[in-house]
1. Taking the simple approach of a point 7 Å from Cα along Cα-to-Cβ for both Ser156 and Ala126, what is their distance in nm?
2. Counting only C-alpha contacts under 8 Å and six or more residues apart, can you give the relative contact order of the range 270-336 as a whole percent?
3. Just tell me, in residue order, which DSSP H segments of the chain are both 15 angstrom or longer along the helix axis (alpha-carbon based) and at least -0.5 in mean Kyte-Doolittle hydropathy.
4. Express as a percent, rounded to the nearest 5, the fraction of DSSP beta bridges in the chain (both residues included) that run antiparallel.
5. Tell me the accessible surface of Lys349 in square angstrom (1.4 angstrom probe, heavy atoms of protein chains only), to the nearest ten.
6. List the residues of the range 329-346 whose backbone N lies under 16 Å from a point placed 7 Å from the Cα of Asp187 along the Cα-to-Cβ direction.
7. Between the range 19-51 and the range 292-338, what's the alpha-carbon centroid distance in Å?
8. Length gain on complete extension for the stretch Asp7 to Glu170, per 0.36 nm per residue less the alpha carbon to alpha carbon distance?
Amino acid sequence: MAELKADVLVLGAGMVGVSAALHLQQRGRDVILVDSHTLAGEETSFGNAGLIECASVFPYMFPRDFAQILRYAMNRAPQVRYRFADLPAFLPWLARYFIASAPERALRSAMAELPLIRRSLFEHEALIAEAGVPELLQRTGWIKLFRSDATLANASAELERARQYGVAGEILDGKAIAEREPGLTGDFAGAVYLPAPGFVPDPGGLTKAYAALFQRKGGRFVVGDARTLQQDAGGWRMAGRDGAAVAREAVVALGPWSDLVFRPLGYPIPLGVKRGYHLHLESRGNAVLNHPVLDSDLGYLLAPMNRGIRLTTGVEFARRDAPPTPVQIQRALPLAHALFPLGDAVDAKPWIGARPCLPDMLPVIGKAPRHAGLWFDFGHQHHGLTLGPATGRLLAEMMTGEAPFADPAPFAAERFG
Ligand SMILES: Cc1cc2nc3c(=O)[nH]c(=O)nc-3n(C[C@H](O)[C@H](O)[C@H](O)COP(=O)(O)OP(=O)(O)OC[C@H]3O[C@@H](n4cnc5c(N)ncnc54)[C@H](O)[C@@H]3O)c2cc1C
């Protein structure tokens, strides 16, 4: 069988891997993109809420408020749920997440990521223009609804903090909510409207459009199992479905599956997952949803995707490969029907995905410390659609010896020993 040779193997064709491949290609590298699926963007990068969250300065932290922790511990809160049977598997991870969410540490993580967040939409705009898919970026911004004065007050305070970092936002009262979203019904204390974030009405389609651009520019896509990756004298080799692929360098961009490669190589990186679900529904009559809308206090989001209104859930802590338990979808469905005129489900069953997460809320980007030519680009948490292109640029700059646009030190794998 033929042996394919390139400069770099990028393992994983989600938004993160495809973006890294494009940025390496732009810098003259011959790249082979590898995935176990025959198409790019079939996993986590397919199922998200479609937000390019350039206004998301502060990461999703473990709560510090005892009453809220207790509410989550009771396992009745819509925002967060956990599989009791899996508790021993993720409790140590949660403890690290709790520690990293102390205000001064979380702020350090936020400041490390800020240059990437600021760059996120700009990088997408450039790739979308080159890929020729302007219809996949809508400039609607998004709305977070609040049903209690207390949660609205918290959100207003957070918006004030975010304004210091250049985030624009507006507090909406009931009348302003109705003007922006005439189809909504409910008793709202108010809302926060964030105008700057982009909305992608088909995130899997956008990942595929970027992969098509990569292939148009001469990049190759190989179907194969990244677990076959091996180091050899020339660099790195893996078994593709139609033959081996070899390159001097390799990038692990396998999202929630990245541990399948780094763990056998001996790296103790604490990659965890926050699972999530989605279900598409028809809208009834002439009802139109103009923006993605988060029903914050009730813990679900509605986004007007091309396929229908996508209801996405909050976080489920469970083993990545545990069977799906779409309880949050079941709980959110009647609430969503009361919020917006929804019809039948478009999908036969809920989709499940897993946000790849590190406890300090930052991705791992950079060199594998003990293996020449191996690079990491994973752990993008709630923001992998947002940050894929920006982190692809950062990684490619590091790999090609360019001055990186952001300080890469906080993302180094060495931070986990
Ligand atoms: C419900 C939900 C809502 C979200 N909403 C948003 C949002 O609005 N905005 C945002 O920015 N982010 C959002 N996210 C997060 C975002 O989707 C992820 O951070 C992002 O998709 C991760 O991208 P990735 O490329 O790292 O992983 P993936 O997209 O999962 O890509 C990994 C790739 O690796 C491949 N692979 C796995 N194992 C192997 C193997 N053995 N061999 C070869 N290939 C393999 C997979 O097939 C896959 O293509 C959301 C996530 C969820 C679950």
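1. Simple spin-label model gives 4.0 nm for this pair.
2. 38 percent
3. Qualifying helices: 15-26, 87-100, 103-131, 203-216, 327-339, 384-399.
4. 65 percent
5. So the heavy atoms of Lys349 present about 150 Å² to solvent.
6. Once the point is set 7 Å along Cα→Cβ of Asp187, 335, 338-339 turn out to lie under 16 Å by backbone N, inside the range 329-346.
7. A separation of 25 Å, based on Cα centres.
8. Length gained, Asp7 through Glu170: 53.9 nm.
The values are calculated or read from the model by the stated rules, or taken from the named source; none is laboratory data. What you see is a predicted model; the values in this text were computed from it and never measured. For neighbour counting, all protein chains shown are included, and Cβ atoms are generated from backbone atoms with ideal geometry for every residue, glycine included. Heads up: the accessible areas ignore ligands, DNA and RNA and are worked out on the full protein's heavy atoms, side chains in. Shrake-Rupley method; radii C 1.70, N 1.55, O 1.52, S 1.80 Å.
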